[in-house]
Structure formats: structure tokens, C-alpha cells
Amino acid sequence: MSQSYNRGLVEDFSRWKEFSAGMWAWIFHKFTGWVLVGYLFTHIAVLSTAIPAQQGEMVTNSAGEQVSVYTNTLSLLESTFIVRLLEVGLLAVAVFHILNGIRLLLVDLGIGLESQDKTFYASLVLTGAIVIASVPTFMAGIGGA
Amino acid sequence: MSTQVPETETEAETETEPAGESHQERRMADKAAKREYRESEKKAEDELRAAEESVHLKVFRYDPEVEDKQEPRFDDFYVPYTKGMTVLDALMYARDHYDSSLTFRHSCRQAVCGSDAMFVNGRQRLCCKTQLSEMAEPVRIEPLPHQDVVKDLVVDMEHFYDQMHAVEPYFQSEDVPSEEQRQSRENREKIKMSTRCIWCGACMSSCNVAAGDNEYLGPAAINKAYRFYMDEREDEEELKEHRLRILEQEHGVWRCQTQFSCTEVCPKDIPLTEHIQELKREAVKNNLKFW
């Protein structure tokens, strides 16, 4: 971006306080996009633990069994509450990014521009519904049990 | 309106009196002005008491040229409410009755000239088109964001005008037509909304992208370009190419991130985002040719 505008002493006056639907959609889309990029690299980092497993390297897990490095790492991650919670978060982020992406695609094609705020709310509601429906699956075997 | 009577009186005096008594004249005029000011203030007080409702305005004040006014502040004005009063009416009342140094732009007062776009209650609005009854109190009036403040509510529009001119908003056809150029009804309908722009600058000021990128053409300028690009009366292929070349640069249509802020604040209800998106598609169609 090129130089932005700064009006010095009065810069802090007349700022947006209430964001409109379109602005929220933009901010959420950027945010979820960066989260997904961040997840991609974490994902690669975790998967790379499979590299020594390829050579048949084994470790002893907490139960005293001989398992591959990869299986050990993953079962360790899957058994922690915070990781399960992050998985739900990841789903939420991905679903919103997909739905809003479709919305933006329609906007780019010039379809339904008058109802752009409604489609944003719809994608939010749909994201919420899908995430809530997924909680039993993601949280299975943890928390209560 | 009330100031007109004493004005004509002093004028009549100066005509009859000889030139030698200029000091006396000046003193008298000074006194008259002061009396007038006191009277208008008292009149406002009376009107305020008589009015059933009054409206509380919080107005941004700032004057970089006067040392004591360099610190931005908010002034409170209580204005007697009359039915149908707009934000601009209230501002004018405040200026005429309380503080004549209150500065803001206005001209036609009917949403045609586009001089009085301001930031009212957290949103860009055209003051003459905004009913006071629809505003929550206190009505907070600030200058447009992202533009230099010249004084009080007046912002520097130079940059906005530069961007408007950058898209060459005029017909450039070289050959002079021999007869009247008719526009088809369909084409008129297509560009109808885009011709309604009044250059108020509300869209540019509301645009998040324009705020961060000062070179971005902005919604108003792109809408202006749309108006000429889509007009069939200028049908030379080279001219269309030329217009697209201006629009598809780095700081042209592709800077738009479809936040719809401009479309939402536009006092003339121009579908700005729609027009920008259409020009984006035109640019792609022009550059991607598989046949």
C-alpha cells in the first residue's frame, strides 16, 4: 500500500464506531484467511514428525507400548482438550472462509449485490450451525468421558 | 432573516452622513453589530424556552490558524426543534444565533450541490438530507474522516477532486457529430444511477481502502469513469481501451475490496460497488481473450 493519510492533531476524530455488515465480512475474511495460512504451516510442522516414522523409528508411549513417532505425536495431541477445542475453532474458521468466499464470488459476478448484508448474516448463521453440530464429533471421548 | 432590518438602517445612515465622521460611523456600526449579536442570542434563548422540544448538538471545533483553537474540542449547542428540521438547519441556527465563527459548507440545502457531507453520529451523511428526528441525541457532528480539516467542519476536498479528474470525466470523441447524438433508452437506464453523483465525497471518506491508500481512485471517481465507459455515444474502441487502462492500474478498480461502505453512505443511492465490480469484469474480459 502506498502512503496513507494522516491529518495529525485531528486524526483521532471522526472514526467509524459502528461497522457495517460489509466491513465486518471483510475483516472476518482477512482474519480467517490468515488463521488458515497459520494452520497450514503448523499442520506441515506436525506432519513432518512422520519423517522419522518412515524409517521405522519407534518410541515408547505413556502406556509402555512401542509405537511409531507419528502415532505417538498424534494420539498425544488428540487426547488434549485444547487441541480438540482448536479443531472446532479451525472448522469454524474454515467454514466461514468458504461460505464468505462463495459470497464474494457472487459479488464479483455481480449477483445479489443488494442482499450482500443478508448473505453475510446467512454465512455467519450457517457457520454457527455447522460448528455446533460438529461439537459432539470433535469432542468425542474427551471432556465428559 | 431578523438581521435584515438594522442592516438597511445603517446603510441609509452612511449614505447621508459626510465622509469626515468615519470614526464615529465605525463605532456606531460596531455597536450595532454587538447589539445585533446580543439580540440574536437573546432571541435564541427565548425561542429555546418557547419551543416544545430542543435538540442537543455536539459540534467538532478546530481552527489551526487561531492559537487558542488549535486543540480540537466539541461545542454544545441547544437548538429549538421545529418539525422537518434537518441537521443542516440546526447547524445554521447554531451559527446564526450562538457562534458566527462556526464554519461549514452548504449551498443549495436540497441534496443537489453536495457541499455538506459530514460525519454525523458515526456515519457519513449529507446534512441537508438528514432529518434531526432520526438522529439519536446528542447529535455528534464531525468533519468527514480521512481528509484534512481546514476549519471546524470544513475539509480539504482537493485530493478528492484530483481523483475525480484523473478518470477524464468528459467525452473525448475526436470527430464532431453532424447531428444530435441520441442515446438509447436502455443505455440511459444503464448509466442513470451513475450520473446522479453530486461530488459530496461521502463515499471516498467512508472507504477503508481509500483511507489506507491515498492513490486509490476511490468509489466516486470509478463511478464517474463507469458513466463514461458505459455510455454508447462514445463508441470508439481506442477510447474504451484508454478508459480501461486508467481504471485497471494498481490503484484503480482492483483496490476495491467490496466492503460496500460507499454504497451504504451514498446520499444519492448510487450502487457504487456494483459499478466497480462491473468495471472489474470489463477489465478482465478485455485482457483475457481466448478466441
Hey, does region B:147-169 have a residue that's at pLDDT 90 or above and more than 20 Å from B:A202 (Cα to Cα)?
-> yes
Spot the failing condition for B:E189; the list is (1) more than 27 Å from A:G22 (Cα to Cα); (2) surrounded by fewer than 16 Cβ atoms within 10 Å (Cβ to Cβ), and only one is missed.
-> (1)
Cβ-Cβ under 7 Å pairs, at least 6 apart or on other chains, region B:264-291 side within 16 Å of B:A221 (Cβ to Cβ), far side acidic (D, E) and outside any helix (DSSP H, G or I) = B:A283/B:E248
Considering only region B:106-160, how many residues are under 12 Å from the mean Cα position of the chain (by Cα), basic (K, R) and surrounded by fewer than 19 Cβ atoms within 10 Å (Cβ to Cβ)?
-> 2
Any chance B:L102 is under 17 Å from the mean Cα position of the chain (by Cα), among the aliphatic types (A, V, I, L, M) and either within 14 Å of chain A (Cβ to nearest Cβ) or within 15 Å of B:P267 (Cβ to Cβ) (or both) = no
Any idea which residue in region A:47-65 is modelled with the highest pLDDT, counting only those that are small (G, A, S) and within 29 Å of the chain's Cα centre (by Cα)?
-> A:S48
Among the residues of region B:130-142, how many are within 9 Å of another protein chain (Cβ to nearest Cβ) and either touching a helix residue (DSSP H, G or I) at 6+ places or on another chain (Cβ under 8 Å) or at positive phi (or both)?
-> 0
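On the basis of being of a type in the set (V, I, T), part of a loop (DSSP other than H, G, I, E, B) and within 12 Å of chain A (Cβ to nearest Cβ), does B:T258 make the cut? Give the steps one after another, and end with the answer.
Working: of a type in the set (V, I, T): yes; part of a loop (DSSP other than H, G, I, E, B): yes; within 12 Å of chain A (Cβ to nearest Cβ): yes.
Spelling it out, B:T258 is indeed of a type in the set (V, I, T), part of a loop (DSSP other than H, G, I, E, B) and within 12 Å of chain A (Cβ to nearest Cβ).
Table: residues versus (1) modelled with pLDDT of 80 or more; (2) of a type outside the set (A, V, I, L, M, F, W, C); (3) more than 27 Å from the chain's Cα centre (by Cα); (4) assigned by TED's automatic domain parsing to the domain that holds B:F104.
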position: B:M28; (1), (2), (3), (4): yes, no, yes, no
position: B:K34; (1), (2), (3), (4): yes, yes, yes, no
position: B:S54; (1), (2), (3), (4): yes, yes, no, yes
position: B:F60; (1), (2), (3), (4): yes, no, no, yes
position: B:D63; (1), (2), (3), (4): yes, yes, no, yes
position: B:T82; (1), (2), (3), (4): yes, yes, no, yes
position: B:T86; (1), (2), (3), (4): yes, yes, no, yes
position: B:Y93; (1), (2), (3), (4): yes, yes, no, yes
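Does at least one position in region A:32-43 carry a residue that is within 14 Å of chain B (Cβ to nearest Cβ) and either under 16 Å from B:S206 (Cα atoms) or at pLDDT 70 or above (or both)?
Yes, the conditions are met somewhere in region A:32-43.
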Only one residue in A:L77, A:L104 is at pLDDT 90 or above and surrounded by 13 or more Cβ atoms within 10 Å (Cβ to Cβ). Which one?
-> A:L104
Restrict the check to region A:115-133 and report whether at least one residue is surrounded by 12 or more Cβ atoms within 10 Å (Cβ to Cβ) and part of a strand (DSSP E or B).
-> no
Quickly run through region B:167-197 and pick out the residues that are touching a helix residue (DSSP H, G or I) at 6+ places or on another chain (Cβ under 6 Å) and in a helix (DSSP H, G or I).
-> B:I191, B:S194, B:T195
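The values are calculated or read from the model by the stated rules, or taken from the named source; none is laboratory data. None of these values were measured; they are calculated from a predicted model. Quick reminder, even Gly has a Cβ in these numbers, built from the backbone with ideal geometry, and neighbours come from all protein chains shown.
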